[in-house]
1. So, Ala100, is that one touching a helix residue (DSSP H, G or I) at 6+ places or on another chain (Cβ under 7 Å), aliphatic (A, V, I, L, M) and surrounded by fewer than 20 Cβ atoms within 10 Å (Cβ to Cβ) or not?
2. Name the residue, out of Leu61, Leu76, Leu67, that is under 13 Å from Ala111 (Cβ atoms) and surrounded by fewer than 19 Cβ atoms within 10 Å (Cβ to Cβ).
3. Report the residue count in segment 106-122 for those that are touching a residue at least 12 places away in the same chain (Cβ under 8 Å) and surrounded by 13 or more Cβ atoms within 10 Å (Cβ to Cβ).
4. Is there any pair linking a residue in segment 34-45 that is under 12 Å from Thr91 (Cα atoms) to one that is part of a helix (DSSP H, G or I), with Cβ under 6 Å and at least six apart or on different chains, and which?
Amino acid sequence: MNIALWITAGLLAIASLGGGAMLLTQPKEKLAGSGWAWVEDFGAGAVKAIGALKVLAAVGLILPAVLDIAPVLVPLAAVGWLLLMVGAAITHLRRREASAIVVNVVLFAMAAFVVLGRFGFPPFAG
């Protein structure tokens, strides 16, 4: 179970870091033209804030456990990811982008697995 939780948290961290870095480094206009149409509904500052939250989630999903410093932060970061996915799904629903919600649901399920696995079982046990 621990290996599955590590793999899931790692995959979430990769997705989170990639998406967050893209939101932080690219101008809003470029993002809107390259498949991130939802950014049109938000100001540039909000897009950067979402990017920063995603980068922080990536860090929180991995570093506390790797460094063995406050490993409870891992499931808390996954809870933050759950909230991000709920917000993303709501945004896609409002924009009538039902196909994009599938990705949100998959990422939500992965984060829920990390939350339940890390809060529900002895943390980081073999």
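Any read-out appearing in this document is the output of simple, stated calculations on the displayed coordinates, not a laboratory observation. Keep in mind that this is a model prediction, so the values were computed, not measured. Glycine gets a Cβ as well: all are built from the backbone with ideal geometry, and neighbour counts include every protein chain shown.
1. On the way: touching a helix residue (DSSP H, G or I) at 6+ places or on another chain (Cβ under 7 Å): yes; aliphatic (A, V, I, L, M): yes; surrounded by fewer than 20 Cβ atoms within 10 Å (Cβ to Cβ): yes.
So Ala100 fits the description; yes.
2. Values: Leu61 fails: surrounded by fewer than 19 Cβ atoms within 10 Å (Cβ to Cβ); Leu67 fails: under 13 Å from Ala111 (Cβ atoms).
None of the others qualify; the one that does is Leu76.
3. We begin by selecting, within segment 106-122, every residue touching a residue at least 12 places away in the same chain (Cβ under 8 Å); these are 107-108, 110-115, 117-119, 121.
From what's left, surrounded by 13 or more Cβ atoms within 10 Å (Cβ to Cβ): 107-108, 110-115, 117-119.
Count: 11.
4. So the pair list comes out as Trp38/Thr91; Val39/Lys28; Val39/Leu31; Val39/Ala32; Val39/Val47; Glu40/Ala32.
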